[in-house]
Amino acid sequence: MQKIIIAIDGFSSSGKSTMARELARNIGYAYIDSGAMYRAVTLYALRHGMIDADGRMDAERLVASLPDIRIDFRVDDTTGKSRTCLNGEDVEDEIRGMEVSSHVSPVAAIPEVRHRLVSLQQEYGRDKGIVMDGRDIGTTVFPNAEMKIFVNASPEVRAHRRLLELQQKGSSADYEEVLANIRERDHIDRTRKESPLRQADDAILLDNDNMTHQEQMDFLLKTFRHIVDGKH
Ligand code: DC
């Protein structure tokens, strides 16, 4: 069967990564979490003192260091989930913490960072058969993707989901702090000059505030089959 590219974009903590990963597993496609790549670059910047305590960033130094930053994904044999590696080190857990979360948006707004990561992402999609989630996958990375989904949910619902996720990992975060972080990231992601977050004209909107996980999966699988069947 002919393989396609599936782009899933949307706001942070909208549940898109979980859905994208599960969809990929269901249909036997590769899954790439593009947000993890921006998070890994942010962790590199934090570790190398390029972001100070007040959040000021030495963007010039970060851009000059881009050739030294290698990001790849390895599949965990026990869980079957992919883990993000930065220069060979598994940083999957560290990139999900609050420190990286609160500095990633300005890093993702640097044009040179975006250019580098976008070309890596396009490389991953060369042979199709891929589900990629992010903010600009349907608009910039793969404007010709055969299936485009834009996921949305209210900031409050997303803050609750994120809080639960953090608590399950043993982090102590407070709801108001998480909500403020989500609102701030939404604002930066939506208003940045380079590839702002927006729904592609040909993307299908999935508003999941009141949808169960199963309903969302059914919707995605139905859409996928419809598109693939239509290609024959
Ligand atoms: O999906 P996430 O929360 O892990 O994304 C982390 C950050 O990276 C978020 O601030 C938006 C940014 N991002 C982006 O600008 N473009 C993408 N394709 C994916 C993520």
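Considering only region 68-80, I want to know if a residue exists there that is modelled with pLDDT of 95 or more, farther than 21 Å from Asn144 by Cα and not in a loop (DSSP other than H, G, I, E, B). Checked against the condition, which is being modelled with pLDDT of 95 or more, farther than 21 Å from Asn144 by Cα and not in a loop (DSSP other than H, G, I, E, B), region 68-80 yields at least one hit.
The condition of being more than 12 Å from the ligand (Cβ to nearest atom), under 16 Å from the mean Cα position of the chain (by Cα) and of a type in the set (Ser, Thr, Tyr) holds for only one of Ser65, Ser34, Ser82, Ser101, that being Ser82.
Among all residues of region 137-147, there is none that is of a type in the set (D, E, K, R) and within 16 Å of the chain's Cα centre (by Cα). Taking the numbered list (1) touching a Pro at 6+ places or on another chain (Cβ under 6 Å); (2) under 28 Å from Asp93 (Cβ atoms) in turn, Pro155 passes all entries but (1). Residues considered: Arg225, Arg162, Arg183. Of these, the only one that is free of Cβ contacts under 8 Å to residues at least 60 places away in the same chain, on the phi < 0 side of the Ramachandran plot and either within 14 Å of the ligand (Cβ to nearest atom) or within 20 Å of the chain's Cα centre (by Cα) (or both) is Arg183. Met1 - would you say it is at pLDDT below 95, away from the ligand (no atom under 16 Å from the Cβ) and farther than 15 Å from Asp136 by Cβ? Yes; evaluated as a whole, the condition is true for this residue.
Residue-by-condition table, conditions (1) in contact with a helix residue (DSSP H, G or I) (Cβ under 6 Å, 6 or more places away or on another chain); (2) at pLDDT 95 or above; (3) not aromatic (Phe, Trp, Tyr):
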| site | (1), (2), (3) |
| --- | --- |
| Ala7 | yes, yes, yes |
| Ser12 | yes, no, yes |
| Gly15 | no, no, yes |
| Thr18 | no, no, yes |
| Ala24 | no, yes, yes |
| Met37 | yes, yes, yes |
| Leu43 | yes, yes, yes |
| Arg47 | no, yes, yes |
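Criterion applied to Ser17, Ser13 was being within 16 Å of the ligand (Cβ to nearest atom) and not in a helix (DSSP H, G or I), and the one residue passing it is Ser13. Within region 137-153, restricting attention to residues that are at pLDDT 95 or above and part of a loop (DSSP other than H, G, I, E, B), which residue is surrounded by the most Cβ atoms within 10 Å (Cβ to Cβ)? Filtering region 137-153 for residues that are at pLDDT 95 or above and part of a loop (DSSP other than H, G, I, E, B), the one surrounded by the most Cβ atoms within 10 Å (Cβ to Cβ) comes out as Ala145. Looking across region 193-231, the residues that are charged (D, E, K, R), over 27 Å from Glu165 (Cα atoms) and assigned to a loop (DSSP other than H, G, I, E, B) come down to Lys193, Glu194, Asp201, Asp202, Lys231.
Among the residues of region 124-142, those identified as within 13 Å of the ligand (Cβ to nearest atom) and of a type outside the set (A, V, I, L, M) are Tyr124, Gly125, Asp133, Gly134, Arg135, Asp136, Gly138, Thr139, Thr140, Phe142.
I'd like to know if region 63-75 contains one or more residues that are crowded, with 21+ Cβ neighbours inside 10 Å and touching a helix residue (DSSP H, G or I) at 6+ places or on another chain (Cβ under 7 Å). No, because not a single residue in region 63-75 is crowded, with 21+ Cβ neighbours inside 10 Å and touching a helix residue (DSSP H, G or I) at 6+ places or on another chain (Cβ under 7 Å).
The values are calculated or read from the model by the stated rules, or taken from the named source; none is laboratory data. Since the model is a prediction, treat every value here as computed from it, not as a measurement. No Cβ is skipped: glycine too gets one built from the backbone with ideal geometry, and neighbour counts run over all protein chains shown.
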